[in-house]
Amino acid sequence: MTLIDQIYIDGAFVTPHGTDLFDLHNPATAQVIGQLRMADATDAEAAIAAAKRAFASFSRSTKAERIALLHRLADALDKRREDLIEATIEEYGAPVSRSAWMADYAVGAFRLAAQVLESYDFTRQIGTARVTMEPLGVVGIITPWNANAGFIAGKLAMVIASGSTCVIKPSEMSAIQTRIVTEALHEAGVPAGVFNIVTGRGDVVGAALSAHRDVAKLSFTGSTATGRAILRAGAESFKRVTLELGGKSPMVVLEDADFGAAIPFALNAGFMNSGQACIAGSRILVPASRLAEFEAAISEAVAAFPSGDPRDPATAIGPMVSQRQWDRVQSYITKGLNEGARLLTGGEGRPEGTRDGWFVKPTIFSDVRNDMTIAREEIFGPVLSIIPYADEEQAISIANDTDYGLHAYVAGRDESRARSVADRIVAGRVIINAAPMEMSAPFGGFKHSGIGREGGSFGLEAFLEPKAVMG
């Protein structure tokens, strides 16, 4: 059994002041596979102090020095790729193909930041003013469990590119992955204190980062409820914030859509990352005139998305991350049935052939109204809702009738029509006909899906503040 009893402060692995232990599980078996000794507020204080000391010199580093460092970080993490894939399967339960994508995404985040930094101009002349983009200072980073390495790498890369320093509080549920990432980053030779990784409870370490006067900026990815608490805590000291929160993304299937292409698009968007994705297209809007045709086709196609052993290359949907998450998803399936939604596939309980792990049947409801709980709240599991609509105007109205605005999807043969619909959907990103993600484009949401943007130059500027000098 793995024991993780060190955190990373001021360029060194140290024993945390905190003494509480947290059990780590394999979601595919529900067995305990390790324990984490969790950091506390004292550890957070020490990490913040280290980051503050490091900022004095690192903020004056050159662009060339930071670009070189970002490439070293990418190389170091790439060397641990296989270890990271294994940890992601064992500790998170991601299917093997998804785990490889996650590892590569984390490596790519450092390379993308280096690319953005190459062409970024920190000094601009605006009228008579010389405007410089200044690093903010100490950044508090809080990341979730559903893409651990990617979130750490993506946020840290832009912090380094900006010349800021940081304290990272990853999810305690991802401690094995975090240890591998930390060891890799340490090997890259980052100046002491530039990044610190302190794994502990959100209401302890996260709360300390949110309230501390020496933390200038908070970057958080997670639930909308926690985002609200962070925003309140940070307001007292006027912290800058980037919040990437929840979603209830619409997949708008237009009347002219080719179902042979639209249905795989919808299932991939809905079941990505085992449904544990903030950008999952969990509301499928289908023209009422083609509803029966769509239902028959998607009921057949869902067989290509089995839930089961994450080590099986055929598996598309792995287990939920925890017993608590499994219970949450089951409760939403029950609510869907109780509210009168019609079950097409899946349902309550575990899939056939699974017994001990936190597996969920890939579930699709139809005849869902947009006021039902399963259409309003983020489920974070492989549960999709088909909502019929009468015409294009109603489809856009339903798509936008949500507290969220993170992501959306549109499927249709007529490209100009699909773009017209996409332009009217209130969401930070819209994908048309399974187009590939552009990683340098801004990522973030409207409404309850968050504040600010990540990715590309927008992500870099999230850690910068403009300063104008005249005369």
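The values are calculated or read from the model by the stated rules, or taken from the named source; none is laboratory data. The shown structure was predicted, so the numbers you read here are calculated from the model rather than taken from an experiment. Methodologically, a virtual Cβ is constructed for each residue, glycine included, from the backbone with ideal geometry; neighbour enumeration extends over all protein chains shown.
Taken over region 311-328, the criterion of being of a type in the set (D, E, K, R), under 15 Å from THR354 (Cα atoms) and part of a helix (DSSP H, G or I) is satisfied by no residue.
Residue by residue, here is whether (1) outside any strand (DSSP E or B); (2) touching a Cys at 6+ places or on another chain (Cβ under 7 Å); (3) in contact (Cβ under 8 Å) with a residue 40 or more places away in the chain holds:
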{"position": "ASP104", "(1), (2), (3)": "yes, no, no"}
{"position": "LEU112", "(1), (2), (3)": "yes, no, yes"}
{"position": "VAL116", "(1), (2), (3)": "yes, no, yes"}
{"position": "ARG124", "(1), (2), (3)": "no, no, no"}
{"position": "GLU134", "(1), (2), (3)": "no, no, yes"}
{"position": "VAL139", "(1), (2), (3)": "no, yes, yes"}
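So which of ASP43, ASP23 ends up being surrounded by 18 or more Cβ atoms within 10 Å (Cβ to Cβ), under 26 Å from the mean Cα position of the chain (by Cα), not assigned by TED's automatic domain parsing to the domain that holds ASP356 and not in a loop (DSSP other than H, G, I, E, B)?
Details: ASP23 fails: surrounded by 18 or more Cβ atoms within 10 Å (Cβ to Cβ).
It is ASP43.
Can we say ALA56 is over 24 Å from LYS169 (Cβ atoms) and not assigned by TED's automatic domain parsing to the domain that holds MET272? So ALA56 fails the test. Scanning region 244-286 for residues that are in a loop (DSSP other than H, G, I, E, B) and within 22 Å of VAL321 (Cα to Cα) returns LEU245, GLY246, GLY247, LYS248, SER249, GLN276, ALA277, CYS278, ILE279, ALA280, GLY281, SER282. Is it the case, given these coordinates, that ARG213 is at pLDDT 95 or above, out of contact with any strand residue (DSSP E or B) (no Cβ under 6 Å at 6 or more places or on another chain) and not hydrophobic (A, V, I, L, M, F, W, C)? Spelling it out, ARG213 is indeed at pLDDT 95 or above, out of contact with any strand residue (DSSP E or B) (no Cβ under 6 Å at 6 or more places or on another chain) and not hydrophobic (A, V, I, L, M, F, W, C). Residues in region 314-371 that are in contact with a helix residue (DSSP H, G or I) (Cβ under 8 Å, 6 or more places away or on another chain) and hydroxyl-bearing (Ser, Thr, Tyr): 6 in all. The residues in region 324-341 that are closer than 21 Å to ALA280 by Cα and touching a residue at least 24 places away in the same chain (Cβ under 8 Å) can be counted, and the count is 10. Take the conditions (1) under 22 Å from the mean Cα position of the chain (by Cα); (2) surrounded by 23 or more Cβ atoms within 10 Å (Cβ to Cβ); (3) not polar (S, T, N, Q); ILE432 misses just one of them, which is (2). Residue count for region 160-209 satisfying the condition of being part of a loop (DSSP other than H, G, I, E, B) and either under 20 Å from THR226 (Cβ atoms) or without any contact (Cβ under 8 Å) to a residue 60 or more places away in the chain (or both): 5.
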